[in-house]
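Here is the structure we will look at, set down as structure tokens.
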Amino acid sequence: MGWLDSLLGRSKPVKPNLDALFALPSAAVTLQAATGLVPTGSGSVAFRAAEGGAFATLERDVKALLGERVEESDDGYGYTWLLVRRSPDALSDLVTELHAVNSSLEDAGFGPSLLCSLVSFAGPDGGRLAVVYLYKRGTFYPFAPTSGQKRDNALELQARGALEGELPLEKDLSRWFPVWGAPGL
């Protein structure tokens, strides 16, 4: 970063660290102890699909790799979601598969089209929470939707407190964007 960038308030984009996803299984143990939330066995990857044969081939290969455990859907914002389902006690396997999807897209040159990945959790009272990985920031944040399009801010902050030190958390709360209707949540 040059002095002009500093003067104008520009910063270099953070390079994503997909290996940070592998910290999720141990962070889930801490999250469960602090909040009672347990993994549901669902995780998703959101990306903006690209045109062309290379992307279509890659998408087909990823779906073939994951087999019946993957479902594809589109949201109203132009993003494609790949939902992966595993047994709730197979969080490590789920994270490995989400990492494989992200890595495949990144290695093929489609990293800029990645938006986020998430892993879903459920509480004993029926509350839901996703731990969301922001690809372009290289950070995680909790998202807890309630009925309608409202959030359980108290649960999100409680989860943040539990996950601090376990995962690289997004410090700017304005970047904790809602992922309403995310598959698997």
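Of the strands (runs of 3 or more DSSP E) that lie entirely inside region 83-151, those containing 1 or more residues that are more than 19 Å from P168 (Cα to Cα) span 114-122, 128-134.
Anything in region 30-74 that is out of contact with any helix residue (DSSP H, G or I) (no Cβ under 8 Å at 6 or more places or on another chain) and basic (K, R)? List them, or say none. Correct list: R60, K63. Considering A50, A90, A54, which residue is out of contact with any strand residue (DSSP E or B) (no Cβ under 6 Å at 6 or more places or on another chain) and surrounded by 16 or more Cβ atoms within 10 Å (Cβ to Cβ)? Within the list A50, A90, A54, the selection yields A50. Summed over region 134-175, residues that are touching a residue at least 40 places away in the same chain (Cβ under 8 Å) and either farther than 20 Å from A34 by Cα or basic (K, R) (or both) total 7.
Criterion applied to S73, S113 was being among the polar types (S, T, N, Q) and farther than 14 Å from A182 by Cβ, and the one residue passing it is S113. Here region 113-144 is the region considered, the condition is being at negative phi and more than 15 Å from the chain's Cα centre (by Cα), and the residue that is surrounded by the fewest Cβ atoms within 10 Å (Cβ to Cβ) is D125. Selection of helices (runs of 4 or more DSSP H) fully inside region 1-73 by the criterion of at least 3 residues being modelled with pLDDT under 85 and over 18 Å from G184 (Cα atoms) returns 3-7, 53-66.
The values are calculated or read from the model by the stated rules, or taken from the named source; none is laboratory data. Note that the structure is a prediction, hence the values are computed from the model and not measured. For neighbour counting, all protein chains shown are included, and Cβ atoms are generated from backbone atoms with ideal geometry for every residue, glycine included.
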